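Taken together, the values in this text are just the output of simple stated rules run on the coordinates, not laboratory data. Bear in mind that the values here come from a model prediction, so they are computed numbers and not experimental data. Note that each Cβ is placed from the backbone with ideal geometry, even for glycine, and that neighbours are counted across all protein chains shown.
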Amino acid sequence: MTSGQGLRHFHAVILAGGRGTRFWPRSRRRLPKQLLPVVGTTSLLRQTVERLSALVPPERIWVLTSETLRRRVVRELPDVPRRQVIAEPVQRNTGPAIGLAARLLLEQDPAAVMGVFPSDHFIERQGIFREVVRRAVREAADGGRLIVLGIPPRSPETGYGYIRFPKGVTVGGADPLKVEKFEEKPGLMRAKRFVKAGNYYWNAGMFIWRAAAIQEAIETFMPSTAQALARLAPLASRGFTASLRRHYALCDDKSIDYGVLEHAKNIAGFACPPFGWNDVGGWDAVYELLRGKHQLSVSRSELRELESFGNFVDAPGKLTALIGVKDLIVVDTPDALLICSRGEAQRVSQLVKDLEAAKRDALL
């Protein structure tokens with residue numbers, strides 16, 4: 001397959017089934033993070049589609065979400081064909097989701113090259129990002145390798161997995177590199193060593209490969225998942241939804257990283273140039289994205305402060321007054337109010353688990 005043909009066969013698969021629990025109380029089961037205007041005036045999902053629209057038309061965009069969210073996703077993305085918004089009947093992690101997408105694409109296009117993208121990330125320098133994707137599509141189409149995108153680390157993050165490239169890697173190099181190893185989320189000391197070494201990059205969960213290549217890898221390394229997906233009725237048939245509900249639950253609950261990438265040998269990666277990637281992992285990240293160089297506090301509503309600084313306030317429709325406090329997260333909704341210290345916002349997901357255990361479903 002030539003490079004031009006690869007681009008013509010490129011399909012974007014967007015994973016949009018997550019709950020976004022770290023954005024409680026704004027993010028809820030029926031309106032999670034990816035459907036909210038967390039950064040900017042449109043939802044993170046719509047921003048994802050818009051930055052890919054220069055590379056792929058709507059008829060080659062596929063979105064995998066949950067049954068609970070499918071109607072909202074369809075309304076949010078009117079240009080994407082409805083039949084290409086696929087509702088997973090149960091959550092089974094990224095391995096089965098990607099396997100399902102590969103199977104559906106191969107029904108439509110045996111030469112399909114698929115890019116896998118999270119629906120809830122933010123990318124500032126979109127032109128640079130799109131050029132990296134173009135290069136990765138050409139490489140995946142021509143060589144049949146599984147391509148991963150590595151993000152140059154800005155800090156020793158413990159919440160991300162890492163990709164180890166060969167030593168001496170050049171940031172933003174035009175050629176794909178051998179992936180020596182995938183490292184799971186490290187402790188702080190190991191993360192510091194990774195950053196200092198210079199050849200460890202963040203694994204952002206963005207992948208590009210031929211649909212046939214990833215399907216073959218899933219058949220090899222996740223055989224029970226491959227067998228369950230092989231039993232599905234064709235997408236165009238009346239029996240597709242019923243067969244998906246019957247067989248999808250039999251898939252392994254594994255990420256594509258654990259299930260395939262840590263075992264496959266035909267993996268290459270791009271050491272991406274900085275393009276302003278952020279996984280928008282919690283309210284702290286929103287504060288950092290929205291504050292200006294000289295701005296100490298960030299508010300989405302009217303804010304008055306006395307001897308206060310470094311605060312983030314999301315309290316629509318009301319004045320918020322802060323006196324003598326610093327580094328707070330304040331998020332107000334009609335039925336819940338969150339107040340926590342900046343730096344502790346990652347623990348919001350634990351609070352959501354506590355609410356689940358207490359069966360406070362109305363707050364979820």
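Details
- Residue-wise HN-Hα coupling along segment 259-271, computed from phi with Karplus coefficients 6.51, -1.76, 1.60 (Hz; x: Gly, Pro): x, 10, 5, 6, 10, 5, 9, 8, 10, 9, x, 9, 7
- Restricting attention to the chain, close to 45% of DSSP beta bridges with both partner residues there are antiparallel.
- Pairs from the list 192/254; 181/254; 33/196; 326/359; 254/359 with a Cα-Cα gap above 22 Å: 192/254; 33/196; 326/359; 254/359.
- Contour minus Cα-Cα distance for residue 346 and residue 29 (0.36 nm per residue): 112.3 nm
- Loop-resident sites, segment 271-331, for trypsin sites (Lys or Arg not before Pro), counting at most 14 other Cβ within 10 Å (DSSP): 291, 293, 318
- Amide H contacts of residue 329: 312, 340, 341, 342, each under 5 Å away and 5 or more positions distant or on a separate chain (H built 1.01 Å from N in the peptide plane; Pro and chain starts excluded).
- Per-residue 3J(HN,Hα) values for segment 238-244, derived from phi via the Karplus relation 6.51 cos²θ - 1.76 cosθ + 1.60 with θ = phi - 60°, read 5, x, 4, 4, 5, 5, 5 Hz in sequence order (x marks Gly and Pro).
- Residue list for segment 98-128, given a label point 7 angstrom along the Cα-to-Cβ vector of residue 41 and an amide N cut-off under 20 Å: 122-126
- Length-normalised contact order for the chain - Cα pairs under 8 Å, 6+ apart - percent: 20
- Choice from 290, 261, 15 showing the highest fluctuation, given a GNM over the chain with Cα pairs closer than 10 Å: 290
- Cα-centre dipole for segment 85-142 with unit charges at Cβ (Lys and Arg positive, Asp and Glu negative), debye to 20: 100
- Think of the chain as having a plus end and a minus end, set by charges on the Cβ of Lys, Arg, Asp and Glu; of 225, 119, 301, 225 sits farthest toward the positive end of this dipole.
- Distance from the C-alpha centroid of segment 16-89 to that of segment 96-128: 14 Å, rounded to the whole angstrom.
- Evaluated with a Cβ-only charge set (Lys, Arg +1; Asp, Glu -1), segment 285-344 carries a dipole of roughly 200 debye about its Cα centre, given to the nearest 20.
- Each residue of segment 307-313 was assigned a 3J(HN,Hα) from its phi angle through the Karplus expression (A = 6.51, B = -1.76, C = 1.60, θ = phi - 60°), giving 6, 9, 6, x, 9, 10, 10 Hz with x at Gly and Pro.
- Cut-off under 5 Å, modelled amide H: who pairs with residue 63 long-range: 14, 85, 86
- Max mean-square fluctuation residue, GNM over the chain, Cα-Cα springs under 10 Å, options 115, 161, 292: 292
- Dipole in debye (nearest 20) - the chain, about Cα centre, beta carbon charges: Lys, Arg +1; Asp, Glu -1: 240
- Listed residues 333, 355, 313: farthest to the positive end of the dipole of segment 286-363 (Cβ charges): 313
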